[in-house]
1. Which of the residues belonging to region 1-55 are among the basic types (K, R) and within 23 Å of D73 (Cβ to Cβ)?
2. When region 9-47 is examined, which residues are found to be closer than 17 Å to V61 by Cα, of a type in the set (V, I, T) and part of a loop (DSSP other than H, G, I, E, B)?
3. Please enumerate the residues belonging to region 47-64 that are modelled with pLDDT under 95 and closer than 19 Å to T13 by Cα.
4. Search region 1-11 for residues being modelled with pLDDT of 80 or more and more than 9 Å from the ligand (Cβ to nearest atom), and hand back the single one that is surrounded by the fewest Cβ atoms within 10 Å (Cβ to Cβ).
5. Identify the residue in region 12-59 that is over 19 Å from F71 (Cα atoms) and of a type in the set (F, W, Y) and, among all such residues, is surrounded by the most Cβ atoms within 10 Å (Cβ to Cβ).
6. Would region 48-62 turn up any residue that is among the hydroxyl-bearing types (S, T, Y), under 11 Å from the mean Cα position of the chain (by Cα) and not in a loop (DSSP other than H, G, I, E, B)?
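The values are calculated or read from the model by the stated rules, or taken from the named source; none is laboratory data. Computed from a prediction, not measured in an experiment: that's the story for all the values here. Every residue, glycine among them, receives a Cβ derived from its backbone with ideal geometry; neighbour counts consider all protein chains shown.
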Amino acid sequence: MEDCSSKKKSYYTADEAEEALIRSHIRFHKPAVSYYLCEICAQFHLTSRGETHPLLLKPEVIARIKKEQQFQDWSARLKNK
Ligand SMILES: [Zn+2]
């Protein structure tokens, strides 16, 4: 099997990939926009190219990202004191 995962993190299930996609939006300024099933390793990878995954357009997901970002900012500020 060709190793394509040396650079990219891979996820065994779509659920894991979805979670990772959401987390990338919480943490990064240039997050991944979607995930795809890799033809080489048959696992999921995140990608920053292409169309935004519909998951990221769901109101409950957008709300979760905002909420966790706020929590992250808040705990970062506490650490700096
Ligand atoms: Zn792969």
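1. Selection gives R23, R27, K30.
2. Scanning region 9-47 gives a single hit, V33.
3. Scanning region 47-64 gives T47, S48.
4. Going residue by residue through region 1-11, those that are modelled with pLDDT of 80 or more are 9-11.
Narrowing further to those that are more than 9 Å from the ligand (Cβ to nearest atom): 9, 11.
Values: K9: 12, Y11: 20.
Going through the qualifying residues, I end up with K9.
5. Among those residues, the one meeting the criterion is F44.
6. First, pick out the residues of region 48-62 that are among the hydroxyl-bearing types (S, T, Y): 48, 52.
Among the residues that remain, those that are also under 11 Å from the mean Cα position of the chain (by Cα) are: 48.
Among the residues that remain, those that are also not in a loop (DSSP other than H, G, I, E, B) are: none.
Looking through region 48-62, none of the residues is among the hydroxyl-bearing types (S, T, Y), under 11 Å from the mean Cα position of the chain (by Cα) and not in a loop (DSSP other than H, G, I, E, B).
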